[in-house]
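Participant: This is the structure I have questions about; it appears just below.
The values are calculated or read from the model by the stated rules, or taken from the named source; none is laboratory data. Small disclaimer: the values here were computed from a predicted structure and weren't measured. Cβ sites come from the backbone with ideal geometry, for glycine too, and all protein chains shown count toward neighbours. Accessible surface is based on the protein model in full, side chains and every heavy atom, while ligands, DNA and RNA are left aside. Shrake-Rupley method; radii C 1.70, N 1.55, O 1.52, S 1.80 Å.
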Amino acid sequence: MDGPTLADAIDAGRAERLCFEGLEYARLTETVAGYPRGSVVLPGGVVIPGYPSIGRVHSLSAGLREQFDGPFWAEEKIDGFNVRILRHEGAVLAFSRGGFVCPFSTDRLHDFIDPALFEIEPDLVLCAEIAGPENPYLEGSPPFVTEDIALYVFDMMRQGRGSFLGQQEKMGLIASHGLPPTRTFGRFEPHDVDPLRDLIFQLDAEGAEGLVLKGEWGGKRAKYVTGRSNVTDIRVCSEQLLDLPPEYFINRLTRLAIFVTEHGQQGDPELERSLGHAFLSGLDRAVERSRSRGRVDHRYRCRFRERRNALHFMDHMAATGGHRVRMAPGMPVQQDGYWILEFERVFDRMTGTLATALSGAVQYD
């Protein structure tokens, strides 16, 4: 991206300049010159495109028929957060979906990736998902990551280019460099509804989130989630019932209804009980926290290799989270070779509503 275009975008509030440990870069807050929000502009005008949103299909059979007219690959969709990993001027960095250098992800990269990769492939960009119970952004995590975090590579591109590498080239690079991949289940055709239905049932039973379907030669992509992943989302987030937009819960209920009717699971008593429990368990937690602590919040714990990165992360949370993010006293603390950071995110509307309800005040419906 040339200088005048970026300067105009910054003047118009469509991009902003940022700095991380001497690296001056820009992130796009809106689409500019065809590059989506979250794209990163490095010194010299090199653009790392923002990761595109992937549309969701609600009906498996209709979605395959409508979205694909040729072969595609099915990969696991993992419940985590998206980063783009690259090397710039000797530093290996992880950029968040919003286009910020993520101090947490950047700090932990060496636990999962050998940086020597970028000696051989200096312009490579890894697109990866970071997931686990000790991530600082999400309340939930996949069942197969039981502690700390894990990293999974699912796409690759080259610096300064907007397209993803082909599936075979990507898989070859993953194998040759020992990178941790998302699970790939193979190549399918639009008429392969039955084998994909069997696969989604398998993932549903495992507690996995679902599939990302990727056209073999680029182009269309789509995601399809399991029925129980919707219940999991509701269970994890029902304590924030008033702080999330109503569409968050409505969309998941709609997806679940379409899933159970398409796959003949109507009236499943275990599924119905789990849905009710998903709502009530989160609200129970909210009421208990309101009674015991006077606020409704979620507590996070994450590990850093370097103290300075923990401090960078604390500054980022203070700038973006405001009063809703509260760091525990004395953070970070050293433990077992890592710097541990604990903090909480307060849910303002649930806190206020339950404080009033539990105070004995009257409310008018």
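Participant: Can you classify the stretch 3-160 as rounded, prolate or oblate using the Cα gyration tensor, where a ≥ b ≥ c are the square roots of its eigenvalues, rounded means a/c under 1.5, and otherwise it's prolate if a/b beats b/c and oblate if not?
Facilitator: oblate
Participant: While we're here: Can you list which of the GluC sites (Glu not before Pro) found in the stretch 105-137 are DSSP loop residues with at most 14 other C-beta atoms within 10 Å?
Facilitator: Within the stretch 105-137, no GluC sites (Glu not before Pro) qualify (loop, at most 14 other Cβ atoms within 10 Å).
Participant: Tell me the net charge near V212. Cut-off is 9 Å between Cβ atoms, V212 excluded, with +1 for each Lys or Arg and -1 for each Asp or Glu.
Facilitator: Local charge sum for V212: +2.
Participant: Less than 14 Å Cβ to Cβ from G22, Lys/Arg counted +1 and Asp/Glu -1: what total charge do the surrounding residues give?
Facilitator: Result for the neighbourhood of G22: -1.
Participant: Can you tell me how the stretch 1-91 classifies by the Cα gyration tensor, rounded, prolate or oblate, using a/c under 1.5 as the rounded cut?
Facilitator: Taking the square roots of the gyration eigenvalues as a ≥ b ≥ c, the stretch 1-91 is prolate.
Participant: With a ≥ b ≥ c the root eigenvalues of the C-alpha gyration tensor of the stretch 117-244, is it rounded (a/c under 1.5), prolate (a/b larger than b/c) or oblate?
Facilitator: oblate
Participant: Can you figure out the FRET efficiency of L253 with F144, using R₀ = 35 Å and their beta-carbon distance, to the nearest 0.05?
Facilitator: About 0.85, to the nearest 0.05.
Participant: Okay, next question. At most 16 other Cβ atoms within 10 Å and a DSSP loop assignment: could you name the GluC sites (Glu not before Pro) in the stretch 20-56 that fit?
Facilitator: E21, E30
Participant: To continue, here is another question. Among N82, N309, N251, whose mean-square fluctuation peaks in a Gaussian network model of the chain (Cα, cutoff 10 Å)?
Facilitator: Highest fluctuation of the listed residues: N251.
Participant: Now a separate question. Taking a 1.4 Å probe, which of K214, K223 shows the most accessible area, and what order do the others take after it?
Facilitator: K223, K214
Participant: How are the Cα pair distances of the stretch 147-207 distributed, in percent, across 5 Å bins from 0?
Facilitator: Binned Cα distances yield the sequence 4, 13, 17, 18, 18, 18, 8, 3, 0.
Participant: In whole angstrom, how far apart do the alpha carbon centroids of the stretch 1-54 and the stretch 134-150 sit?
Facilitator: Taking the Cα centre of the stretch 134-150 as reference, the centre of the stretch 1-54 is 30 Å away.
Participant: In cubic angstrom, how much convex hull volume per residue do the alpha carbon atoms of the stretch 211-365 span?
Facilitator: In the stretch 211-365, the Cα convex hull volume per residue is 210 Å³.
Participant: Within 12 Å, Cβ to Cβ, of A286, how many net charges do the neighbouring residues add up to if Lys/Arg are +1 and Asp/Glu are -1?
Facilitator: Local charge sum for A286: +1.
Participant: Follow-up. Largest first, what is the accessible-area ranking of I340, I10 with a 1.4 Å probe?
Facilitator: Largest accessible area first, the list is I10, I340.
Participant: Just give me a number: lysine pairs in the chain, eight or more positions apart or cross-chain, with C-alpha atoms less than 15 Å apart.
Facilitator: So the count of such lysine pairs works out to 4.
Participant: At M171 and D194, where each label point lies 7 Å from the Cα along Cα→Cβ, what is the point-to-point distance in nanometres?
Facilitator: With each label point 7 Å from Cα toward Cβ, the separation is 2.4 nm.
Participant: Which whole-Hz couplings ³J(HN,Hα) result when phi for each residue of the stretch 53-65 is put into the Karplus expression 6.51 cos²θ - 1.76 cosθ + 1.60, θ = phi - 60°, listed in order with x for Gly and Pro?
Facilitator: My calculation for the stretch 53-65 gives 5, 10, x, 10, 9, 9, 10, 5, 5, 5, x, 4, 5 Hz in order.
Participant: Kindly provide the Kirkwood hydrodynamic radius of the stretch 228-293 in Å, to one decimal, from all pairs of distinct alpha carbon atoms.
Facilitator: 12.5
Participant: Using the Karplus curve 6.51 cos²θ - 1.76 cosθ + 1.60 with θ = phi - 60°, work out ³J(HN,Hα) for each residue of the stretch 270-287 in order, rounded to whole Hz, and write x for Gly and Pro.
Facilitator: Karplus values, whole Hz, x for Gly and Pro: 5, 5, 5, 5, 5, 5, x, 5, 4, 5, 6, 5, x, 5, 4, 4, 5, 5.
Participant: Once the Cα gyration tensor of the chain is diagonalised, what are the square roots of 5 times its eigenvalues, in whole Å and ordered largest first, as equivalent ellipsoid semi-axes?
Facilitator: Listed largest to smallest, the semi-axes of the chain are 33, 30, 20 Å.
Participant: Whose amide H sits under 5 Å from the amide H of D155, counting only residues 5 or more places off or on another chain, with H placed in the peptide plane?
Facilitator: Result for D155 returns C127.
Participant: With N set to the residue count of the stretch 276-363, report its C-alpha Rg divided by 2.2 N^0.38 Å to two decimal places.
Facilitator: Rounded to two decimals, the normalised Rg is 1.33.
Participant: Which value, in Å² and to the nearest 10, is the accessible area of H316 when all protein chains are kept and the probe is 1.4 Å?
Facilitator: 40
Participant: Right, something else. Compute the separation of the alpha-carbon centres of the stretch 171-206 and the stretch 303-358 and state it in Å as a whole number.
Facilitator: 36
Participant: If you don't mind, there's one more thing I want to ask. What fraction of the Cα pairs in the stretch 297-346, stated in percent, has a spacing above 14 angstrom?
Facilitator: Percentage above 14 Å: 46.
Participant: At 37 °C and 0.692 mPa s, what whole-number value in µm²/s does Stokes-Einstein give for the translational diffusion of the stretch 193-252, with Rh from the Kirkwood sum over Cα pairs?
Facilitator: Result for D is 250 µm²/s.
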